[in-house]
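S.K.: Sharing a structure, written as structure tokens. Questions coming.
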């Protein structure tokens, strides 16, 4: 059965591919980042590591025109690219195994490890980005409009589930079997996930493999490779971003993710530094992994809430809630050291419950915002180059995230750790005001005007 014709199959495939993105992401940006932070990396260095990991995500715009213009139609528009990307992102993890002697043991050297990990994370995420662009394009192609909100929620929940597993579960695996064991475990999972796109087709009539027997629909049989002029794609983009709505929407995405990046990096310092909380890297990863559970649950609900009450109100709730929570966290600095005994933590104590509450609390709010802006971005991608336009929105979010992680050390130096949350909380909450200038009806009106004028959008 083809993905376009089978609801269960298309949802499970899209969710599995997002799960594959999340597992290494959690391992790299949480488990390994916390491990290195506990072994001497500063806020600025942890921020740089995360920023370098995120940097390929700002290049999504490079991949998008390629997959929009170059298509092996006999096997589907997106599927061959997805298979290639999934294979390469899996194999690229071998680099971590190669440098393992510098990460642990007698020859451990955080400075050397840091230098090599920057490039390993960069290369791996170049392939993850390719997989993400293709998966998003596939979602745009095969998801009916009425499914977009809910399925985007499930896709994001799958990514968060993978991230949580990459943080909490792989932290325990790393404790028990070392870094090599944690890397091999996630490589095995990624290979299994590759079976989802390997044994399906996008649409009826397409070949599963190049050598497969059977008929192919006429449109697929004509040219094997189909290209669109880059000039047409550029024209579509200029048209798409000529509206005030799309410009304010883009600014909202960019600025909100800067705040997230700063607070995300600074939180690692709060948890791992002996100057503040001083958790072990494993315990910090467990806490951040546990925080993914309410985030995952909210992601499942967020798409439905957006469909039911509107995506703009949900995005506003997410931004304002996250901002106010961060301001409250900054004001509670005198209680960051308060403890509460419980058996939930690995060491038998639930230390610093204020930090726990903030870590677990901001994730669902972030999920409400992210799920709804991703779904709304599909609606805002209204030209013939929809994959490229959608990718630009996602690229802007990643640029904001990179900037936030990169400047986290500077923000900490300028304002101090507690006030970093205060300042960025205010910025995040205030960003919601940009939504007042965003109106999806402007997009529909523009499309109608172009159709009336006889111009293809």
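Since every read-out is calculated from the coordinates, none of them should be taken as a lab result. Quick caveat: nothing in here was measured; it's all calculated off a predicted structure. Don't worry about glycine lacking a Cβ; one is built from the backbone with ideal geometry, like all the others, and counts go over all protein chains shown.
S.K.: What is the diffusion coefficient of region 32-183 in µm²/s, taking the Kirkwood radius over Cα pairs and the Stokes-Einstein relation at 4 °C with a viscosity of 1.567 mPa s?
M.R.: Numbers: Rh = 17.3 Å.
Estimated via Stokes-Einstein, D reaches 75 µm²/s.
S.K.: Averaging over every viewing direction, what projected area does the convex hull of the Cα atoms of region 281-337 cover, in nm²?
M.R.: Working: hull surface 19.6 nm².
Mean projected area for region 281-337: 4.9 nm², to one decimal.
S.K.: Sort 140, 234 so the one with the fewest other Cβ atoms within 10 Å of its own Cβ comes first. Could you put the intermediate results ahead of the total?
M.R.: Values: 140 18, 234 13.
Lowest to highest Cβ neighbour count: 234, 140.
S.K.: Please identify which residues in region 263-288 have an amide N closer than 20 Å to a label point set 7 Å out from the Cα of residue 42, following the Cα→Cβ vector.
M.R.: Counting backbone N atoms under 20 Å from the label point, the list is 263-278.
S.K.: What value in Å³ per residue do you get for the convex hull of the alpha-carbon atoms in region 357-442? Walk me through the numbers before you get to the answer.
M.R.: Numbers: hull volume 9.3 nm³, N = 86.
Taking only Cα atoms, region 357-442 has a hull volume of 108 Å³ per residue.
S.K.: Give me 359, 135 ranked fewest to most by other Cβ atoms within 10 Å of their Cβ, as a rough exposure proxy.
M.R.: Numbers: 359 19, 135 24.
By the 10 Å Cβ count, ascending: 359, 135.
S.K.: Also: Arrange the following residues from fewest to most other Cβ atoms within 10 Å of their Cβ: 307, 376, 334.
M.R.: Numbers: 307 18, 376 24, 334 9.
Ordered by Cβ neighbours within 10 Å, fewest first: 334, 307, 376.
S.K.: Could you pull the Rg and Dmax for region 1-55, using just the Cα atoms, both in Å?
M.R.: Values for region 1-55 (Cα only, Rg and Dmax): 17.1, 53 Å.
S.K.: According to the Kirkwood expression over distinct Cα-Cα pairs, how big is the hydrodynamic radius of region 151-205, in Å?
M.R.: Taking every pair of different Cα atoms in region 151-205, averaging 1/r and inverting gives 13.0 Å.
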